[in-house]
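The values are calculated or read from the model by the stated rules, or taken from the named source; none is laboratory data. As the structure is a computational prediction, the values presented were derived from the model and not from experiment. FYI the Cβ positions are ideal-geometry reconstructions off the backbone, even for glycines, and counts take in every protein chain you see. Note: accessible area is taken over every heavy atom of the protein model, side chains too, but ligands, DNA and RNA are not part of it. Shrake-Rupley method; radii C 1.70, N 1.55, O 1.52, S 1.80 Å.
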Amino acid sequence: LDGDDPEHINWLVEKASERAIQFNISGVNYSLTQGVVKNIIPAIASTNAIIAAVCTNEALKLVTSCNPFLDNYLFYSGDEGIHSYSFCFEKDPDCLVCGNRQGSVTISGDATLQDLIDELKVNRSFQLKAPTLTCGDTNLYFQNPKELEELTRPNLDKKLCDLFETGSTLTTTDQTLPTSLQVTVSFS
């Protein structure tokens, strides 16, 4: 069914009108039928006008430097009158997701890679679920795909001091992280 094909819409209007008569439904017309088929949501012109005015105002302030411009967020609530304000979302420098913080862990050099993975899972700073670890160009352990997991599984039983030096930075990915995380591992 093509919402832009007049033949399709006319046929649908005809069938919808038959059903409307059968169930006493009024208001079936071409425009309404096409709107339903194409999932068209009627826009409220005043909301569009307000957003356009805010964009124009911000562009004017940016170009002319006549006032401070919007930092990064505008909230508009027009339910019971007009109210808007803007504020800045601040980054938490210690946030592992949006901050610039690198994580660090201190663990025995005689601990195994599995011990390190377990620490990353229970450590309150990380709380990872299924971390994948690399050190430079060396793949230490991959959770997925199955082939890489099988290939890197023998590393789980190896001592950390045999895999990398103290102070090495590991790149960690996990389903709980939107991006990779750099974790510096120091041996105790």
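Could you list all residues from segment 29-57 that are farther than 30 Å from Leu70 by Cα and open to solvent by 50 Å² or more (accessible area, probe 1.4 Å)?
Those that are farther than 30 Å from Leu70 by Cα and open to solvent by 50 Å² or more (accessible area, probe 1.4 Å): Asn29, Tyr30, Ser31, Leu32, Val36, Lys38, Asn39, Ile40.
Restricting attention to segment 101-160, which residues are open to solvent by 60 Å² or more (accessible area, probe 1.4 Å) and assigned to a loop (DSSP other than H, G, I, E, B)?
Those that are open to solvent by 60 Å² or more (accessible area, probe 1.4 Å) and assigned to a loop (DSSP other than H, G, I, E, B): Arg101, Gln102, Asp110, Arg124, Gln127, Lys129, Gly136, Asp137, Asn144, Pro145, Lys158.
Say whether the condition of being without any contact (Cβ under 8 Å) to a residue 60 or more places away in the chain, polar (S, T, N, Q), farther than 18 Å from Thr179 by Cβ and touching a helix residue (DSSP H, G or I) at 6+ places or on another chain (Cβ under 9 Å) is met by at least one residue in segment 105-126. Spell out how you get there, then give the answer.
Pass one, segment 105-126, residues without any contact (Cβ under 8 Å) to a residue 60 or more places away in the chain: 110-115, 117-119, 121-126.
Next, from what is left, pick out any that are polar (S, T, N, Q): 112, 114, 123, 125.
With the extra rule that they be farther than 18 Å from Thr179 by Cβ, the set shrinks to 112, 114, 123.
Add one more test, that the residue is touching a helix residue (DSSP H, G or I) at 6+ places or on another chain (Cβ under 9 Å), and what stays is 112, 114.
Scanning segment 105-126, I find at least one residue that is without any contact (Cβ under 8 Å) to a residue 60 or more places away in the chain, polar (S, T, N, Q), farther than 18 Å from Thr179 by Cβ and touching a helix residue (DSSP H, G or I) at 6+ places or on another chain (Cβ under 9 Å), so the answer is yes.
Condition check ((1) at pLDDT below 85; (2) under 30 Å from Lys91 (Cβ atoms); (3) assigned to a helix (DSSP H, G or I)) across all residues:
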residue	(1), (2), (3)
Leu1	yes, no, no
Ala20	no, no, yes
Val28	no, no, no
Leu32	no, no, yes
Asn48	yes, no, yes
Pro68	yes, yes, no
